[in-house]
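Novice: One structure follows; several queries about it will come next.
Here, each number is a calculation from the coordinates, and none is a lab measurement. These numbers come from a predicted model, not from an experiment. Cβ atoms come from the backbone with ideal geometry, glycine included; neighbour counts cover every protein chain shown.
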Amino acid sequence: MNRSGTAKADVPLKEIKRKDRETKEIKRLEREQAKPKRHAYLSYLLLICCVVYIADEIASQIGTQMQSVLAQAIFAPVFGADMAVARMSAFGVLSQIGTIVAFLYKPLSDRYGRKPFLVINTLGMGLGLLFTSIATNIPVYLVGAAVIALFIPHDMQVVYIFECTPARHRAKAFSGIKAVATLGMMLVPLLRRLFMGADFKGWRSIYFVLALFAAGAAVFALLFARETDAFVAKRLEYLRASDEEREKTARRGTAKKEQHVEQAQGGFLPAIKFCMRNKQLRWLLIGGGFVMWGLLMTMYYETTMVYGYSSRFLAQGVELGLAQASAAPLVTQALFWFPVGSALFQFVQGFLSDKWGRKPTLLVMASCAVASFGLFFLGGRLDWPPWLVGFLCGAAIGSYWASTDIAGGIMCSESTPTNLRSSVLAVQPILSTLFSAAALGAGLLLINLLGDASAGLVCLGISVPGMLIGLLIISWKVRETKNVNLEAVTGHEG
């Protein structure tokens with residue numbers, strides 16, 4: 001007899017194989033659950049997440065921090081120095097094929113577990129960095145960018161942090177680890193100083209060293225991380241239920257279809273359906289989509305910095321390429337202070353979120369992002385000290401990511417049941433991007449029409465109104481999620 005009470009001989013072969021697979025999975029997960037945790041396991045698990053997060057932050061940000069360098073090395077010979085960044089951004093749209101595939105792939109972690117994808121994603125980021133390090137033309141560069149885009153959206157280390165830390169410390173743990181990871185981005189300006197200098201030669205070595213770091217982080221996670229307790233418990237609950245119990249659960253309540261979606265063990269389409277039917281998530285996606293207009297600020301800050309510091313050389317009649325090369329050491333100095341400003345605001349975000357609540361902190365962070373970016377833009381053109389310009393730039397980008405972490409990460413996680421959490425975090429950027437696509441497309445178009453020097457003003461002009469609309473929507477339509485018990489979330493809370 002099988003678990004549903006049907007004679008095995010009467011069950012189709014496909015069903016027999018499915019139940020055998022589930023029986024083996026139950027035994028494996030029970031062994032995982034029964035393993036005693038080492039002393040201070042949570043502490044070293046968070047250390048693993050921190051190392052992986054450093055690799056993730058570097059892979060996510062290096063394309064921007066090395067933007068003008070790669071543009072001059074790969075795109076300027078084809079399109080000219082004054083349009084190199086704009087054309088690189090336009091071609092970069094092709095690399096977003098990787099992002100599309102990523103969102104189809106990420107929900108698999110709700111079925112197969114968090115750990116395999118923590119390792120695979122980190123190793124994949126290293127592979128993308130390696131491809132970029134050997135690029136000598138546009139096609140090879142795009143392959144590297146596409147591979148990076150495939151693996152950076154998953155943030156499996158974030159799922160680990162959310163599922164393994166107590167509710168009252170969740171935001172603090174998340175923001176603290178992300179702040180340390182942001183400080184780890186000092187590796188980029190350090191390697192710029194070691195390998196690149198005033199000219200652009202040696203940039204390949206920067207990418208190669210960082211590819212090795214990501215590979216090391218993947219091995220670290222493979223050897224020392226365990227599966228999350230929340231995933232193991234939720235998956236066992238599903239597997240131990242008989243077919244009749246699963247069907248009964250799916251039919252329970254008046255909203256039959258919605259109940260069925262909530263019982264899904266991950267998946268792209270179930271996650272989309274859940275987001276659309278759940279009022280809380282629906283408004284978070286819409287509001288978060290408008291907040292994502294500020295994404296433009298994170299895409300062109302190095303170029304804005306380069307043109308700011310190049311302005312005085314250009315005013316002296318220096319040719320653009322030489323002016324940018326002369327500004328490169330100042331930009332490298334500023335980039336040393338970028339992680340400091342970014343880490344500070346992302347670290348503070350967690351404490352404010354756990355004390356004040358998610359929504360008030362979101363308002364503060366978004367406001368800081370706009371104000372800091374405006375000052376950063378002025379500082380480069382007014383020749384302020386590099387440490388101050390870099391700090392203000394980091395404060396702007398850190399505040400922006402802190403605001404999106406609240407709306408798109410923390411609040412979405414705290415509004416979604418465990419069996420769909422990773423899947424919802426996968427589709428959330430897609431759905432939010434739909435609401436921001438027009439703004440991001442307009443920014444790309446304007447920069448390609450007006451040239452690289454216009455990047456800073458275009459970013460400000462588009463980001464401010466979008467973020468304001470997003471904040472108003474979340475303030476009025478979304479309930480607070482502070483101190484939510486993640487294991488008790490069902491999707492009916494509001």
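Novice: Against the longest principal axis of the chain, how steep is helix 358-381, in degrees 0 to 90 to the nearest 10, with axes from Cα atoms?
Specialist: Between the helix axis and the principal axis of the chain, the angle is about 20 degrees.
Novice: So if the hydrodynamic radius of region 59-216 is defined as the Kirkwood radius over C-alpha pairs, what does Stokes-Einstein give as its diffusion coefficient at 25 °C and 0.890 mPa s, in µm² per second?
Specialist: On the way: Rh = 16.8 Å.
Estimated via Stokes-Einstein, D reaches 146 µm²/s.
Novice: Please give me, ordered by residue number, the trypsin sites (Lys or Arg not before Pro) of region 12-45 that lie in loop per DSSP and have at most 16 other Cβ atoms within 10 Å.
Specialist: Passing both the DSSP loop test and the Cβ count: K37, R38.
Novice: Taking the beta-carbon count within 10 Å as an exposure proxy, list E32, E22, E237 from fewest neighbours to most. If you can, show how the numbers build up before the last one.
Specialist: Working: E32 17, E22 14, E237 11.
Arranged by neighbour count, lowest to highest, E32, E22, E237 become E237, E22, E32.
Novice: Okay, next question. Evaluate the charge dipole of region 47-190 about its Cα centre and quote only its size in Debye, nearest 20, assuming +1 on the Cβ of each Lys and Arg and -1 on the Cβ of each Asp and Glu.
Specialist: In debye, rounded to 20, region 47-190 gives about 420.
Novice: Sorted from fewest to most neighbouring beta carbons within 10 Å, what does the list H39, H154, H169 look like?
Specialist: H39, H169, H154
Novice: May I ask you to derive the relative contact order of region 106-162, considering only C-alpha pairs under 8 Å and at least 6 residues apart, and to give it as an integer percent?
Specialist: Dividing the mean separation by the residue count of region 106-162 yields 37 percent.
Novice: Something else about it: By per-residue mean of other Cβ atoms within 10 Å, what is the highest-first order of 335-344, 375-384, 68-77?
Specialist: Per-residue mean Cβ counts within 10 Å order the peptides as 335-344, 68-77, 375-384.
Novice: Hey, what D do you get for the chain in µm²/s if you plug the Kirkwood alpha-carbon radius into Stokes-Einstein at 20 °C and 1.002 mPa s? Could the numbers behind the result be given before it?
Specialist: Working: Rh = 23.5 Å.
After rounding, the answer is 91 µm²/s.
Novice: May I ask for the angle, rounded to the nearest 10°, between helix 138-151 and the longest principal axis of the chain, with both axes built from Cα atoms and the value confined to 0 to 90°?
Specialist: 40
Novice: Helix 301-315 versus the longest principal axis of the chain: what angle, 0 to 90°, nearest 10, using Cα atoms?
Specialist: Compared with the principal axis, the helix lies near 0 degrees.
Novice: Let me ask something else about it. Would you mind calculating the gained length between V78 and S205 on full extension (0.36 nm times residue separation, minus the Cα-Cα distance), in nm to one decimal? Walk me through the numbers on the way to the answer.
Specialist: Working: separation 127, 0.36 × 127 = 45.72 nm, distance 2.31 nm.
Result: 43.4 nm gained on full extension.
Novice: Expressed in nm to one decimal, what extension gain is obtained for the pair R28 and R479 from 0.36 nm per residue of sequence separation less their Cα-Cα distance? Mind showing how you got there, number by number?
Specialist: Details: separation 451, 0.36 × 451 = 162.36 nm, distance 3.86 nm.
Contour length minus Cα-Cα distance gives 158.5 nm.
Novice: Kindly count the pairs of lysines across region 5-111 whose alpha carbons are less than 14 Å apart, treating pairs on different chains or eight or more residues apart as eligible.
Specialist: Count of close lysine pairs: 4.
Novice: Right, here's the next one. Using alpha-carbon pairs under 8 Å, 6+ residues apart, how would you state the relative contact order of region 276-334 in percent?
Specialist: Values: 21 pairs, mean separation 16.4, N = 59.
About 28 percent, as a whole number.
Novice: Once phi is turned into θ = phi - 60°, what whole-Hz ³J(HN,Hα) does the Karplus curve with 6.51, -1.76 and 1.60 give for every residue of region 116-133, x standing for Gly and Pro?
Specialist: These are the phi-based 3J(HN,Hα) values: x, 7, 4, 6, 4, 5, 5, 5, x, 4, x, 5, x, 5, 5, 4, 5, 5 Hz.
Novice: Next up: Could you derive backbone 3J(HN,Hα) for region 335-341 from the dihedral phi with the Karplus parameters 6.51, -1.76 and 1.60 (θ = phi - 60°), listing whole Hz in sequence and x where the residue is Gly or Pro?
Specialist: Each residue's phi maps through the Karplus curve to give 5, 5, 8, 4, x, 5, x Hz.
Novice: What is the extension gain from R240 to E15, computed as 0.36 nm multiplied by their sequence separation minus the C-alpha to C-alpha distance, in nm to one decimal?
Specialist: So the extension gain works out to 79.5 nm.
Novice: Taking the Cα centre of the chain as origin, sum charge times position over the Cβ atoms of Lys and Arg (+1) and Asp and Glu (-1), and report the length of that vector in debye to the nearest 20.
Specialist: Using only the charged Cβ atoms, the result is roughly 1520 debye.
Novice: Return T23, T165, T182 ranked ascending by Cβ neighbour count within 10 Å, so the fewest neighbours appear first.
Specialist: If I rank by nearby Cβ atoms, fewest first, I get T23, T165, T182.
Novice: While we're on this one: Can you classify region 30-114 as rounded, prolate or oblate using the Cα gyration tensor, where a ≥ b ≥ c are the square roots of its eigenvalues, rounded means a/c under 1.5, and otherwise it's prolate if a/b beats b/c and oblate if not?
Specialist: oblate
Novice: Note down the Stokes-Einstein diffusion coefficient of region 258-380 in µm²/s, whole number, using a Kirkwood radius over alpha carbon pairs, 20 °C, and 1.002 mPa s.
Specialist: Numbers: Rh = 18.0 Å.
The estimated diffusion coefficient comes to 119 µm²/s.
Novice: Ordered by packing density, taken as the mean number of other Cβ atoms within 10 Å over each peptide's residues, highest first, how do 315-328, 296-309 rank?
Specialist: 296-309, 315-328
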